[in-house]
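Remarks on the structure that follows.
The values are calculated or read from the model by the stated rules, or taken from the named source; none is laboratory data. Just so it is clear, the model here is predicted, and its values are computed rather than measured. Note: ideal-geometry Cβ built from the backbone for every residue, glycine included; neighbour counts use all protein chains shown.
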Amino acid sequence: MSYYDEFIQWINSLSVEQAVDWLKHLEWKRVVPELTGKFLGFLLGFFASWLLLFRRQLRALDRLRRGDSDDVLFQAHFLANVPGSDKCVLIFRNLMPSTTVNDLYDNPAARKIVRELADHTTLRSPVLRTEEQLGFEVLNDAFNHIAGHLATTPFARETWLFAMTCEDRQVVRRKCVRCFLVRPAELELFANWHWCRTNVLCEQPWHWYRIVALHQLAVQWKQEEKDAQNPAAGTQGMPLVDKHATHRRIRPLSAGIFTNEKPVGVPAAVPWEAQEWELKKMGLDLNEPKI
């Protein structure tokens with residue numbers, strides 16, 4: 001027989017007089033504070049747990065409203081000619097299901113570095129500033145992740161350029177890490193802003209900023225190409241070793257990617273005069289002299 005069964009049996013065996021007598025002789029001065037303290041402790045614990053969950057929910061809702069996200073997207077960019085004209089449509093497609101910073105990096109320090117780098121991107125420089133050895137490691141992990149995912153695709157391999165970016169929250173709906181892949185020949189076209197604004201259409205009107213991001217990416221790539229031809233003393237053009245301060249943030253990748261995509265809907269022209277004025281007010285003059 002368990003203690004509980006014995007207690008119930010003892011309660012049932014008590015008469016009214018015995019129960020009253022037992023209650024009279026209880027040490028109420030000790031029982032009441034103990035019961036009150038335990039009850040208050042339970043209430044405080046319940047309230048603290050509820051408050052913690054409630055605040056976590058509020059923070060999650062706030063991040064959702066602000067458009068902040070820990071997602072990491074891998075997207076291929078390519079141009080499709082518009083029949084009967086010299087214009088083309090910018091198409092970009094996800095190469096795999098979105099992952100998160102936590103899933104991509106098993107090291108908590110690497111996660112922290114990626115989030116901090118993403119917070120410091122600007123309109124002028126959307127590519128994550130992955131400098132020094134730790135920056136090289138987080139870039140390398142993302143590079144190897146998509147390279148492994150695309151290793152077994154059935155499409156013909158060609159050279160793509162890979163870069164980790166985070167577009168400025170001032171102009172995009174959702175802030176997250178976007179890993180761009182784009183062909184070198186097409187990225188070179190984007191270095192000419194006059195060509196971008198007169199020849200490139202978008203699948204959707206709100207995709208205009210992706211053209212800006214690719215233009216800034218192209219400008220940086222041309223600078224990296226120039227620097228690679230005249231490496232700093234001691235590096236001899238080698239990849240990052242030990243404490244070297246710089247490395248190439250836009251890296252070539254051999255991959256097979258399906259590129260025979262068609263635009264969704266009617267391609268849209270961008271009213272660049274208005275957009276350029278807004279960008280200039282935010283500190284980016286797209287018509288200033290480039291490399």
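Please tell me if residue 136 is among the hydrophobic types (A, V, I, L, M, F, W, C) and either modelled with pLDDT of 95 or more or over 25 Å from the mean Cα position of the chain (by Cα) (or both). So that I can check it myself, show each step before the final result.
Working: among the hydrophobic types (A, V, I, L, M, F, W, C): yes; either modelled with pLDDT of 95 or more or over 25 Å from the mean Cα position of the chain (by Cα) (or both): no.
In short, no.
From the list 170, 229, which residue is more than 19 Å from the chain's Cα centre (by Cα) and either aromatic (Phe, Trp, Tyr) or at pLDDT below 95 (or both)?
On the way: 170 fails: more than 19 Å from the chain's Cα centre (by Cα).
Exactly one residue qualifies, and that residue is 229.
Inside the stretch 137-160, can you point out the residues that are part of a loop (DSSP other than H, G, I, E, B) and either more than 16 Å from residue 78 (Cβ to Cβ) or free of Cβ contacts under 8 Å to residues at least 12 places away in the same chain (or both)? Within the stretch 137-160, 151, 152, 154 meet the criteria. If you go through the stretch 122-161 and keep only what is touching a Pro at 6+ places or on another chain (Cβ under 9 Å) and exposed (fewer than 15 other Cβ atoms within 10 Å of the Cβ), you end up with just 159.
Among the residues making up the stretch 84-115, those that are in a loop (DSSP other than H, G, I, E, B), among the charged types (D, E, K, R) and under 20 Å from residue 200 (Cβ atoms) are 86, 87. Applying a threshold of 6 Å to beta carbon distances and a minimum spacing of six or more residues, or different chains, the list of pairs starting in the stretch 262-288 at a residue that is under 19 Å from residue 218 (Cα atoms) and ending at one that is in a loop (DSSP other than H, G, I, E, B) and of a type outside the set (S, T, N, Q) reads 276/286; 284/123; 284/124. Looking only at the stretch 209-230, residues that are β-branched (Val, Ile, Thr) and closer than 11 Å to residue 187 by Cβ come to 1 in all.
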